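Inspection log for the structure reproduced underneath, given as C-alpha cells.
The values are calculated or read from the model by the stated rules, or taken from the named source; none is laboratory data. Predicted model only: the values in this text are computed from it and were never measured. As a convention, Cβ positions derive from the backbone with ideal geometry for all residues, glycine included, and neighbour counts pool all protein chains shown. Protein only, heavy atoms only, side chains kept; ligands, DNA and RNA dropped before computing areas. Shrake-Rupley method; radii C 1.70, N 1.55, O 1.52, S 1.80 Å.
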Amino acid sequence: MLRSLYMKLMLIILLLIVSLMAVTGVFLNGAVARFFIREFNDTMEAAFTNNEFVQALRGAAESGGAAELWGVLEAYRYTLGIGGGRKLYLLDAGTGRPLYGAAGSEEDIDLTPNIRAAMRGRIGQGQRMGDPFFDCAVPIGGGGDLGYIVYIRDSKQGLTEQSRSLFIVILQALTLGLTFSLLLSLLLSKTMTTPIENLTRGAARVAAGDFSGKLEIHSRDEIGTLTHAFNHMADVLQQSLREVEGERDKLSALFLHMTDGVAAFTRGGELLRVNLAALRLLGLREDEELSYGAFEQAVPFAEASALRPPDYIMREMTVGQRVLRLYIVPFGSFDPESGLMAVLHDVTEQTRLESLRREFVSNVSHELRTPLTGIKSYAETLTEPEDLSVEEIKRFSSVIVDEADRMTRLVRDLLTLSRFDYGKSDWHVSDFDIAELLNRTYDMLRMEAKTYKHKLSLSVGNLPKTICGDRDRIEQVLMNVIINAIRYTPEGGNIEIAADSGKRSVTIAVRDNGIGIPDEDLPYIFDRFYRVDKARSRSMGGTGLGLAIAKEIMDSHGGGLDVKSRQGEGTTVTVTIPKRGLP
C-alpha cells in the first residue's frame, strides 16, 4: 500500500505541510524571543540613560546608603518594568550578595556573567537565547567607591506565555492545514493516479494480447499526451503483430510444404522441428519420431556439434532408392537457442541424369568408335589389293558401306533428337490414310519377320479415312516398334498388330510373346541409349535411340507411347495417334 503512487504523493504533501509549519514555528519562536530580548534591553537602556533617574540613584547611594538607594529604585519600578516575572535586586558590588530583593528580603543570586561585569565596573547587559532568564546589572557608586549593583532579572514568563500561545496557534494552523492538505492530496492524487491506473490496466490488456479497448483521453496535459501515445503504440503494435503473424504463417506453410527436407536439432541432439518433406525423404511416417541418428552415418554428431557459423558440412547419403544431399548448418552460438539444422535435397534424378549423361557420352563414343574401327581396318586391308581376291574386296567394301550406314543412322538419330530438344524439328503435316500406312508398313516388314520365322498378323478395325499428322514420322514410329518386336522375340514367335479407332484418336497395339522387359528397366526404356540387353542390342545393330525418338514424335503429336511387359511372357506397345495432331 505504501508503495503506491497514491500514498507516496499524499505522504509527500503531508510531510511538506508539516515541514513548512515546523520551520514557520521555529522562525516565529525565534522572532518572539528576539523581540522580548530587544524589548528588555530597550527598557533597561531607556531607564539607565535617564539623567534624572541616574542622578537620583547616585545621590541616594552617596548620601543615604543602600536603604535610600532601594527607596529610589522602588520609586522607579514602573520605569524599569518591574512586575510579573521581572524582579529587582540591589546587590553588594564587592561580593554580589543581595542587599534587597524583589520582596524586600535577601535572596541568594548566582553570579551571572552580567553581574560579574558590573562588579568590574561595566554595565552587564549581554543576553543569550539559551539562558532561562534575561538580566541586566548596572554598577552604582557610593561614597566615591563602587558600592552597589542594580540587578534586574526577567524570568521570561512573558516569552514563555507568548511561545505557548504561538505554539497553540501553530498547532491549530497545522491541524487545519493537515486537514485541508489531506483532502487536497486525496483529490490531487486521485486526479493524477487514475489516468496512470488506466494506463496500467491498458498495458496489462495489451500484454495479454487484447487490443480491442482504447483508453479515453480526459485532459490535454502530459498524461493526456501519454494516453494518446499509448493508444497509438497499441495500434502500431497490433498491426506489427498481425504482420509478424502473417509472415510466420507464410514461413510455417513454406517450411511444412517445401520440397526440401528440413530438420532442426538442439546442441544436445533433441529434435526441435521437422517438415513433412524430411520425413518423406527419409522414408518415415508422419507419426514416427525423427532423431539425429538418421544422419549419424553420413555426418557423426560429434563432428556436427563442433561446427561454428558460418561453417557447414555437405555430404551425400542413400536412403532406399533415393540419393540425398545432406547439409548440416549450425545456427546461433552456444546460447540455449542455438542448434543444428539438417537440410535434405533429393538429387536422385540429378544423379541419374548425370549418370545418363556420362553413359550417353560413353555410348556415342562407343557407337562411333566401333564402326570407325571396322572401316579403318578394312580400308587399310584394301590398300594392299594384290593379296586379296575379287570376292574378298567386294566383301570388305560391303562391310565398309554397312558400317558407314550404321554411323549415318546414328548421326541422323542424334540430329533428330537434338532438333526435338531445341524445338527446331521440321514437321510435314498432312491428311493421310492411316489404314494404308499400316498395310504398307506390314508389307515392308513381313519379310523381316519371316527371317526370324515369326508369324506377323495385322488386324484393322473401323479406322477413319484420314488423320492429320506427319506421315513419315508416324511411319518411323511404327517401323521402330514393330522391328523391336521382331528382333526381341525368339524365333517362331507371334507378333500381332491391332488397330482401332476411338472418339478422338487411333490406337495401334503391337503385341509379341518375346523375352519381355524386366520391371526395373521399364521406367527407363525411353531414355536415350538405354538398352535392356546391351550386348544383344548392339549385335542387332540397335543404337538405343529408337524408342526415345518415337516417344518424342508421339509427344509432339499430342499422342502417346505406352509399354506394358512381363519378363518371359512378352510385350505390348500401344501407340496413340490423335486424329488431328500437330495443327
Here, region 413-535 modelled as identical Cα point scatterers in vacuum has Debye log10 I(q)/I(0) at q = 0.11 Å⁻¹ of -0.46
Anything over 29 Å Cα to Cα? Flag those among K455/K564; K455/K551; K376/K450; K450/K551; K465/K551, in the order listed. K376/K450
Anchor K394: aspartates and glutamates whose Cα lies under 16 Å away (excluding residues fewer than 8 positions away in-chain): E380, E384, E386, D402, E403
The aspartates and glutamates whose Cα lies under 16 Å from the Cα of K8, excluding any fewer than 8 residues away in the same chain, are E197
FRET efficiency estimate (nearest 0.05) - Cβ-Cβ, L176 to S63, R0 60 angstrom: 0.45
Highest to lowest packing among 193-204, 273-284, scored as the average C-beta count within 10 Å: 273-284, 193-204
Here the convex hull volume per residue of the chain, taken over Cα atoms and given in Å³, is 396
For Y452, distant residues with modelled amide H under 5 Å away: none
In nm, the gap between the two label points placed 7 Å beyond Cα toward Cβ at L111 and R504 is 14.4
Helix-only [θ] at 222 nm, the chain, -39500 (n - 2.57) per DSSP H run of 4+, per residue, nearest 500, equals -17500 deg cm²/dmol
For region 368-500, give the share of DSSP beta bridges that are antiparallel, in percent and rounded to the nearest 5; count only bridges with both residues there. 40
Heavy-atom accessible surface of region 1-71: percent carbon and sulfur, 1.4 Å: 65
Calculated diffusion of region 37-174, Stokes-Einstein form, Kirkwood radius summed over Cα pairs, 25 °C and 0.890 mPa s, µm²/s: 158
Give a residue-ordered list of calculated ³J(HN,Hα) values for region 563-570 (Karplus: 6.51 cos²θ - 1.76 cosθ + 1.60, θ = phi - 60°; whole Hz; x for Gly, Pro). 10, 10, 8, 9, 4, x, 10, x
If the cut-off is 17 Å between C-alpha atoms, which aspartates and glutamates fall inside it for K579, apart from same-chain ones fewer than 8 positions away? D431, D433, E436, D470, D472, E475, D500, D555
Taking N as the number of residues in region 294-343, what value does Rg over Cα atoms divided by 2.2 N^0.38 Å take? 1.19
